[in-house]
Amino acid sequence: MTNDSREDWHALNDLIRLEKDYTLRVNGEGIVRASPDQATISLGVRTENIDPASAQQENALIVANVLTSMTSLGIPDDHIKTTDYRIEPQYDFQDGKEIFRNYKVTHMIDILTSQIDQVGVIVDTAVKNGANSVSNIRFSLANPELVYNQALSISLRNAYQKALAITQTIRTTLAPTPLKVVELSGEPLPVLYQANVFSKAAATPIQPGELTISARVQVEYEYK
């Protein structure tokens, strides 16, 4: 066999192999539900006065009372942070004109707690000590990656089962090791409670529910 003949023979074999090896691409999804183990409560104090210094002083006193009450509940200082602080003029509109009314001081804080069953108590205590704005509560996981990886593993198994079902249906053999895996999207979403669910009554009932963590992948397999 000449060199040219050998090259032609190898090229033909490569062509046959390429024609007999196929790939398929499937998407997989994994979902895990988990109970949240921490909550972030967003609340604060708003005060108004025609004198900005007076509005600021009143606001500072009330916020100090709120912070002291949080300390009495055992919440450490490093779990409380200011998220918004503003001093802004307020206007009324009459006959198409702006008429100065007063100044408003807003001081909003986030309170992080792992005591899920005490969220209602925290809200009530803050309100009793002067907080007059509660915007939302976000329930979440302290280590979301652990649960997300479980969902990711499920999504890969889901993709494999889909690919296996396809190749069995068309009576071919699936190579179990993927050629390519692409992580599409997915992350734990916090459970959010808006301000209108809160009550100023004692023992405000707050139910955290469950978080849904999802993961999606696209997997490419070879089959023969």
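Quick look at the values:
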read-out	value
Number of the exception - Ile166 against (1) crowded, with 17+ Cβ neighbours inside 10 Å; (2) modelled with pLDDT of 75 or more; (3) among the hydrophobic types (A, V, I, L, M, F, W, C)	(1)
Pairs where the first residue, in region 89-103, is more than 16 Å from Pro52 (Cα to Cα) and the second is part of a strand (DSSP E or B) and of a type in the set (Phe, Trp, Tyr), C-beta under 7 Å, 6+ apart	Glu98/Tyr91; Ile99/Tyr91
All positions within region 196-224 that are at pLDDT below 85, over 14 Å from Asp124 (Cβ atoms) and open to solvent by less than 60 Å² (accessible area, probe 1.4 Å)	Pro208, Gly209
Residue, surrounded by the fewest Cβ atoms within 10 Å (Cβ to Cβ), within region 73-92, restricted to residues that are of a type outside the set (Val, Ile, Thr) and touching a helix residue (DSSP H, G or I) at 6+ places or on another chain (Cβ under 8 Å)	Asp77
Yes/no for Gly96 being small (Gly, Ala, Ser), surrounded by 17 or more Cβ atoms within 10 Å (Cβ to Cβ) and over 30 Å from Leu184 (Cα atoms)	no
Filter pass, Ala64 being surrounded by 13 or more Cβ atoms within 10 Å (Cβ to Cβ), more than 30 Å from Leu179 (Cα to Cα), modelled with pLDDT of 95 or more and not β-branched (Val, Ile, Thr)	yes
Those strands (runs of 3 or more DSSP E) lying entirely in region 45-149 with at least 2 residues over 28 Å from Leu211 (Cβ atoms)	80-94, 97-113
Flag for Gly130 being open to solvent by less than 30 Å² (accessible area, probe 1.4 Å), touching a Pro at 6+ places or on another chain (Cβ under 8 Å) and within 14 Å of Leu43 (Cβ to Cβ)	no
Qualifying residue in region 35-51 (condition: of a type outside the set (S, T, N, Q), over 30 Å from Val182 (Cα atoms) and loosely packed, with under 13 Cβ neighbours inside 10 Å)	yes
Test: residue in region 99-118 that is more than 14 Å from Ile206 (Cβ to Cβ), surrounded by 13 or more Cβ atoms within 10 Å (Cβ to Cβ) and among the acidic types (Asp, Glu)	yes
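Conditions (1) of a type in the set (A, V, I, L, M, F, W, C); (2) in contact with a Lys or Arg (Cβ under 8 Å, 6 or more places away or on another chain), marked per residue:
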{"site": "Ala55", "(1), (2)": "yes, yes"}
{"site": "Ala60", "(1), (2)": "yes, no"}
{"site": "Leu67", "(1), (2)": "yes, no"}
{"site": "Ser72", "(1), (2)": "no, no"}
{"site": "Pro76", "(1), (2)": "no, no"}
{"site": "Tyr85", "(1), (2)": "no, no"}
{"site": "Glu88", "(1), (2)": "no, yes"}
{"site": "Asp92", "(1), (2)": "no, yes"}
{"site": "Glu98", "(1), (2)": "no, no"}
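The values are calculated or read from the model by the stated rules, or taken from the named source; none is laboratory data. Bear in mind the structure is a predicted one, so any value in this text is a computation, not a measurement. Backbone-built Cβ (ideal geometry, glycine too); neighbour counts: all protein chains shown. When the accessible area is computed, the model is the full protein with side chains, heavy atoms only, and any ligands, DNA or RNA have been set aside. Shrake-Rupley method; radii C 1.70, N 1.55, O 1.52, S 1.80 Å.
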